[in-house]
Amino acid sequence: MLTPRPYQQAAIASIYDYFGRKAGHPIVVIPTAGGKSLVMASFIHGVLEQWPDQRILVVTHVQELIAQNYAELIGLWPDAPAGIYSAGLGKRDLGARVLFAGIQSIHKRAYDVQQCDLVLIDEAHLIPGASDTMYRRFLDTLARINPHLKVIGFTATPYRLDSGMLHEGDGALFTDIAYEVSVRDLIDAGFLCPLISKAAATRLDVAGVGSRGGEFIPSQLQAAVDKEAITRAAIDEVVAYGRDRRSWLAFCSGVEHAQHVAQEIRGRGFSCATIFGDTPKAERERILAAFKRGEIRALASMGVLTTGFNAPAVDLIAMLRPTKSAGLYVQMAGRGTRLFAGKDNCLVLDFAGNVARHGPIDAVNPSAPGKGDGEPPTKICPNCDSIIAIAAMECPDCGHAFPPPKVKIDATASTLEVLSTGQPQWVTVSDVSYDLHEKPGKPPSLLVSYRCGMVRHREWVCIEHDGYARQKAVQWWQRRAPGRPVPGTVEQALLQADSLRVPVEIAVRPSGRFTEIVGARLP
């Protein structure tokens, strides 16, 4: 039997904890290749063990994901009372207690489904923000049948191009993020494969390409980047960097662009196939199977392979599709994070400027709708051409040490501290969560996690400790809950967490590999 990893177990526990504290529709955020299918399967198994009469739907939009999620549950629980409802898969098991369904097939069948207690939505970021959509009409009907319906979203990217964070804004379906684990955390723990990036000499020029709905207009984008000389130069770089790599994946800006990319790869003696949204199912399955077996070196795609695609051997990604969507960028890069025997890392060749446009994938901060297109600061390592954060003092790929910044001496003596771990920076807080944190041999503490854009900053409030740590916890509580007694235990604190004052901003500064919270502005 498959055993969930610690972070997967924590995700499941967070769902139970969420519903134990409040009503709403939470989101679980786990990076691409982090095993969302196993989290869903384990959660479903646990629910039905405790409450056998529950009816559960698992809904998504891609038939590959429907099949994968169903197979994950059967692998964990061979006797699961599960079925599939999908026209594309030729299955219509409408009466199954656990029903894996495609939204395109099931959205008009809510009254046939009847009583449903839980809906799990995979790739929740693909639910349109508008209220009059297949998903929203289907869920609204299920909620009329059962007003106690609970909806849980699962995604690697909890934001949408047109409306920002999935749980924010008027009419948002989801209400909170119940659990999140970062790409960096899973890479550091050895659960995901590291990504490395190189600054490509060839750059796709999108000057003059218009935008619609916050994204580049497809026809204009393909016309701008599908240039023979540019494609040849880019593929020269792909071949130079990828000659010793096993499996290449190229994301292209249009069907014709992908065909030209494939031609250039094949012209250099490497096998390459193309995959599009309208590729016939049988041909698509044949190509993907051959690619996974290593019989095809490269795939050039347009509009597909960003979700529901599992090819662990991919160790080179060529980004030939510029995008203003932070989510699409993260999904493309995430295709290379799966572990595979003999694979040390996955190289991302960014011809599209996406890394500069959105920042590293573990620190993406998507713009809110209507905000500008300013690029996050990055720099290029002069030794190995990796694209890294502007503040990095050492290249994580080759170890190159950057010189310290030049110091400008002011004629006036400074009143700042002589020793400091860094200059504090004020960041806006969009969400706060509270959890019990336990460490062997130590009293438990209250873990407070602040969401600031797509980054989380954490602090530990030592309510059950002694001495100075307890004094600081008392001061923290008195600011957040003026006039109320300071709790003696973390459990008592969690019972009051929903009524605590939430900071508008917090001040953070670097502290080793992490950040330290040194101030808060309360409303």
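The values are calculated or read from the model by the stated rules, or taken from the named source; none is laboratory data. Predicted model, so just to flag it, every value in this text is computed and none were measured. Here the Cβ positions follow ideal geometry from the backbone for every residue, glycine too, while neighbour counts run over all protein chains shown. With ligands, DNA and RNA removed, areas are computed over all heavy atoms of the protein, side chains included. Shrake-Rupley method; radii C 1.70, N 1.55, O 1.52, S 1.80 Å.
Here are Asp112, Asp17: which of them is open to solvent by 10 Å² or more (accessible area, probe 1.4 Å) and within 21 Å of Arg136 (Cβ to Cβ)?
Matching residue, one of Asp112, Asp17: Asp112.
When both residues are 6+ apart or on different chains and their Cβ atoms are under 6 Å apart, which pairs have a first residue that lies in the stretch 172-187 and is touching a residue at least 60 places away in the same chain (Cβ under 8 Å) and under 15 Å from Lys36 (Cβ atoms), and a second that is open to solvent by 40 Å² or more (accessible area, probe 1.4 Å) and not in a strand (DSSP E or B)?
Ser182/Asp362; Val183/Asp362
Suppose the filter is closer than 24 Å to Gln63 by Cα and either of a type in the set (S, T, N, Q) or under 19 Å from the mean Cα position of the chain (by Cα) (or both); does Gly294 pass it?
No; evaluated as a whole, the condition is false for this residue.
Only one residue in Val239, Val225 is surrounded by fewer than 22 Cβ atoms within 10 Å (Cβ to Cβ), touching a helix residue (DSSP H, G or I) at 6+ places or on another chain (Cβ under 9 Å) and closer than 16 Å to Ala200 by Cα, so which one is that?
Val239
Being under 23 Å from Pro312 (Cβ atoms), open to solvent by less than 20 Å² (accessible area, probe 1.4 Å), in contact with a helix residue (DSSP H, G or I) (Cβ under 6 Å, 6 or more places away or on another chain) and in contact (Cβ under 8 Å) with a residue 40 or more places away in the chain is the requirement here; does Cys252 meet it?
When the stated conditions are applied, Cys252 passes them.
How about the stretch 53-88: which of its residues are hydrophobic (A, V, I, L, M, F, W, C), farther than 22 Å from Leu2 by Cα and open to solvent by less than 50 Å² (accessible area, probe 1.4 Å)?
Val59, Val62
One line per residue, one yes/no per condition, for (1) in a loop (DSSP other than H, G, I, E, B); (2) open to solvent by 40 Å² or more (accessible area, probe 1.4 Å); (3) more than 17 Å from His358 (Cβ to Cβ):
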site	(1), (2), (3)
Asp132	yes, yes, yes
Asp140	no, yes, yes
Thr157	yes, no, no
Ala172	yes, no, yes
Ala178	no, no, yes
Leu186	no, no, yes
Gly190	yes, yes, yes
Ala201	yes, yes, yes
Gly208	yes, yes, yes
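Any residue in the stretch 186-199 that is more than 22 Å from Thr306 (Cα to Cα), more than 16 Å from the chain's Cα centre (by Cα) and at pLDDT 90 or above?
Looking through the stretch 186-199, at least one residue is more than 22 Å from Thr306 (Cα to Cα), more than 16 Å from the chain's Cα centre (by Cα) and at pLDDT 90 or above.
Among Ala507, Ala497, Ala493, Ala469, which is the only one that is in contact with a Cys (Cβ under 6 Å, 6 or more places away or on another chain) and open to solvent by less than 40 Å² (accessible area, probe 1.4 Å)?
Exactly one residue qualifies, and that residue is Ala469.
Just to be sure I understand the filter: pairs with C-beta atoms under 8 Å, separated by 6 or more residues or on different chains, first member in the stretch 279-294 and within 12 Å of Ser247 (Cβ to Cβ) and of a type outside the set (A, V, I, L, M, F, W, C), second member open to solvent by 80 Å² or more (accessible area, probe 1.4 Å) and in a loop (DSSP other than H, G, I, E, B). Which pairs pass?
Listed pairs, sorted by first residue: Gly294/Arg246.
Cβ-Cβ under 6 Å, sequence separation 6+ or interchain: first residue in the stretch 5-21 and of a type in the set (S, T, N, Q), partner not in a helix (DSSP H, G or I). Which pairs?
From the stretch 5-21, the pairs are Gln8/Gly35; Ser14/Ala178; Ser14/Tyr179.
Every residue in the stretch 446-471 that is in contact with a strand residue (DSSP E or B) (Cβ under 8 Å, 6 or more places away or on another chain) and not in a strand (DSSP E or B), please.
Once the filter is applied, which keeps residues that are in contact with a strand residue (DSSP E or B) (Cβ under 8 Å, 6 or more places away or on another chain) and not in a strand (DSSP E or B), the stretch 446-471 yields Gly453, Met454, Cys462, Ile463, Glu464, His465.
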